[in-house]
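Q: Take a look at this one; I'll ask things after.
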Amino acid sequence: MTKPLFYQLLLSISVLCFQNSKAQSGDLLIQQYGKADVENMGLRKWNYDLHILPNFFNTNNRTTKGKLGISFGGTVRYNFKKSYGLRTGIDIQTLKYAYNSEEDQSEDQLIFLSIPLTGRLYPTNRVKIELGFVYNFLLSAKGDHPTNTKEGAVAYPDGTFSDSFGMLSAVHYSVWKRISVSLQYQFQKSETSPLQRETNYFNGFLLGIHYTFLTAKTNSN
């Protein structure tokens with residue numbers, strides 16, 4: 001089993017366990033979900049939020065180790081009458097990782113403009129489940145290449161890294177009124193030359209804090 005599939009399976013199991021702990025039975029959850037309505041949850045058709053997400057990404061290369069990065073941006077959501085909706089937005093996402101060998105302990109830093117397109121389900125007032133796609137436009141890529149004799153990181157040549165396409169899954173929990181937290185798993189990849197040490201395959205977790213604005217306060221009951 002590959003790492004992305006393992007992480008997705010782990011996240012799905014966590015979601016199921018969390019839901020089961022909050023519901024009296026599976027049948028009851030299905031009944032509640034079937035009757036749920038975003039208007040009764042205190043949600044409007046259009047919702048907006050700002051968020052910040054510390055992240056921890058790594059490559060699929062065994063000779064690298066992940067490092068803490070940061071993502072931040074905004075989201076617009078459209079909720080249908082029943083308990084589901086669509087989300088898109090813009091994020092600036094900084095990925096960091098380091099090579100982990102005796103010959104090479106340099107660090108790379110990549111910055112992407114990420115645009116997600118996901119579907120959201122609202123099984124309860126507080127819990128949201130999300131699954132969808134994300135496209136990442138490369139803004140910059142720099143690092144301490146082993147052959148770099150200059151002080152500090154330098155930009156990689158064009159073509160070393162590229163735009164990438166990926167998928168994400170997430171669980172959101174409303175903490176208080178307009179504030180919620182989330183745990184997200186994401187992977188992204190594009191073609192990579194077999195002749196270079198760098199890869200265009202990344203996966204990692206993001207822990208988010210979200211603030212909803214320009215909308216009605218969500219019902220915390």
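Laboratory data are not the source of any read-out in this text; all were calculated from the coordinates shown. Since the structure is predicted, the reported quantities are computational estimates derived from the model, not experimental observations. Note that we place each Cβ from the backbone using ideal geometry, even for glycine, and neighbour counts take in every protein chain shown.
Q: Go through Lys65/Lys128; Lys45/Lys189; Lys81/Lys177 and tell me which ones have a Cα-Cα distance over 25 Å in this structure.
A: Among Lys65/Lys128; Lys45/Lys189; Lys81/Lys177, the Cα-Cα distance tops 25 Å for Lys65/Lys128; Lys45/Lys189.
Q: Amide H neighbours of Arg44 under 5 Å, at least 5 residues apart or on other chains, H built in the peptide plane: list them.
A: Ala216
Q: Check the straight Cα-Cα distances from Lys82 and name the aspartates and glutamates below 12 Å, setting aside those fewer than 8 residues away within the same chain.
A: Within the straight-line limit of under 12 Å, Lys82 reaches these aspartates and glutamates: Asp37, Glu39.
Q: Excluding Leu113 itself, calculate the net charge of residues whose Cβ lies under 12 Å from the Cβ of Leu113, where each Lys or Arg counts +1 and each Asp or Glu counts -1.
A: Result for the neighbourhood of Leu113: -2.
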